[in-house]
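Okay, structure first, notes after.
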Amino acid sequence: MGKAHILIVEDESDIQQLVSYNLIKAGFHVSCADTGEEAVEHLRQEAIDCVLLDLMLPGMSGLELCSAVKAAKDKDSRNVPIIMMTAKGEEEDVVSGFECGADDYITKPFSPKVLVARVKAVLKRSHMNNQADSERKKSLIIVDGLAIDKGRHEVTLDGNPLQLTMTEFGILSLLANKPGWVFTRQQIIDSVRGYDFLITPRAIDVQVFGLRKKMGDFGQMIETVRGIGYRFRSVASEAEVAK
């Protein structure tokens with residue numbers, strides 16, 4: 001992993017230089033902006049891992065910039081942690097900063113060591129949140145109106161929960177994870193083995209029948225491939241092929 005990239009948004013050159021020096025000394029890559037408008041350009045053009053943001057800026061204020069970042073359409077931009085760095089330490093100022101989406105708040109004058117420690121803490125939290133999001137995505141299967149959360153063992157169809165047995169859940173997860181792929185009955189048995197004490201090809205057919213029934217009209221998306229097994233037919237994937 002490369003150095004974390006910190007953007008300092010501060011119009012006072014002495015503070016900007018002091019903060020830059022200590023962050024570089026701590027092993028970070030640093031960019032600086034004198035205004036909120038300049039900071040926006042940095043965020044558009046560079047991969048920024050954390051923003052140190054002064055509230056009192058010429059033109060666009062720190063609060064306005066913070067709100068704009070957190071409202072960005074791009075998810076990566078929205079998730080950039082922001083540490084407010086300001087002389088305004090009144091309770092209402094702190095609250096305003098957090099309400100705009102700030103992740104932390106440090107008042108001037110501050111210890112460079114404390115600032116570096118705050119940056120490291122915010123980056124650690126951000127990294128942990130990103131890992132959690134990544135794991136969450138891995139456990140989700142979303143196709144057409146079907147959503148399967150393998151981590152929570154939940155299935156919804158058009159937003160409505162489906163009550164499935166362990167074996168039904170295993171079969172649906174296997175098929176829906178690879179729409180269009182044909183799975184033999186033996187492959188399905190191997191995948192769901194352990195949910196029931198005894199699973200046979202005939203038992204798989206019975207489970208699929210019950211699964212289709214619970215899924216209503218959507219159950220037709222589970223197709224029988226004669227002489228082989230089953231596959232999940234996705235409307236979305238078929239539309240792509242038709243193009």
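A short reminder: the numbers here are calculations on the coordinates, not readings from a lab. On a predicted model such as this, the values are computed, not experimentally measured, just so you know. Counting neighbours? That spans all protein chains shown, and the Cβs are built from the backbone with ideal geometry, glycine included.
Subtract the Cα-Cα distance of Asn79 and Arg202 from 0.36 nm times their separation in residues, and report this length gain in nm to one decimal.
Values: separation 123, 0.36 × 123 = 44.28 nm, distance 4.94 nm.
Gain on extension, Asn79 to Arg202, equals 39.3 nm.
Bin width 5 Å, origin at 0, all Cα-Cα pairs of segment 159-217: what percent of pairs per bin?
Spelled out per bin, shortest first, that is 4, 18, 32, 27, 14, 5, 1.
Restricting to bridges with both residues inside the chain, how much of the DSSP beta-bridge set is antiparallel, in percent to the nearest 5?
Counting only bridges with both partners in the chain, antiparallel ones make up about 50 percent.
Could you work out how far the C-alpha centroid of segment 37-54 sits from that of segment 167-234, in angstrom?
49
Classify segment 5-136 as rounded, prolate or oblate from the Cα gyration tensor: take a ≥ b ≥ c as the square roots of its eigenvalues, call it rounded if a/c is under 1.5, otherwise prolate when a/b beats b/c and oblate if not.
rounded
Have a look at Leu123, Thr107, Thr224 and report the one farthest towards the positive end of the charge dipole of the chain, computed about the Cα centre with Cβ charges (Lys/Arg +1, Asp/Glu -1).
Most positive-ward Cα: Thr224.
Can you give the FRET efficiency to the nearest 0.05 for Thr35 and Thr165, using r as the Cβ-Cβ distance and R₀ = 41 Å?
So, using R0 = 41 Å, E works out to roughly 0.10.
Can you bin segment 140-242 into rounded, prolate or oblate? Criterion: square roots of the alpha carbon gyration tensor eigenvalues sorted a ≥ b ≥ c, rounded for a/c under 1.5, prolate for a/b above b/c, oblate for the rest.
oblate
Using 0.36 nm per residue, how much length does the chain from Ile106 to Gln131 gain when fully extended, once their Cα-Cα distance is taken away?
Full extension of this stretch gives 6.4 nm more.
Work out the FRET efficiency for Thr156 and Asn177 from their Cβ-Cβ distance, taking R0 = 22 Å, and round it to the nearest 0.05.
That pair, Thr156 with Asn177, gives E of 0.85.
Where a ≥ b ≥ c are the square roots of the eigenvalues of the C-alpha gyration tensor, would you call the chain rounded, which needs a/c under 1.5, or, failing that, prolate if a/b is larger than b/c, or oblate?
It comes out prolate by the Cα gyration axes.
Provide the gained length on full extension for the span Glu91 to Ser67, in nm with one decimal, where the gain is 0.36 nm per separating residue minus the Cα-Cα distance.
Taking 0.36 nm per residue and subtracting the Cα distance, the gain is 6.8 nm.
Rounded to the nearest 500, what is the chain's calculated 222 nm mean residue ellipticity when only DSSP H runs of at least 4 contribute -39500 (n - 2.57) each, over all residues? Present the calculation step by step, with values, prior to reporting the outcome.
Working: 10 runs with 115 residues, N = 243.
So the helix-based figure for the chain works out to -14500 deg cm²/dmol.
With charges only on Cβ, +1 for K and R and -1 for D and E, what is the dipole size of segment 5-136 about its Cα centre, in debye, rounded to 20?
Values: 14 positive and 23 negative charges, 141 e Å.
So the dipole magnitude of segment 5-136 works out to roughly 680 debye.
So which chymotrypsin sites (Phe, Trp or Tyr not before Pro) in segment 143-218 are both in a DSSP loop and have at most 15 other Cβ atoms within 10 Å of their Cβ?
Trp181, Tyr195, Phe197
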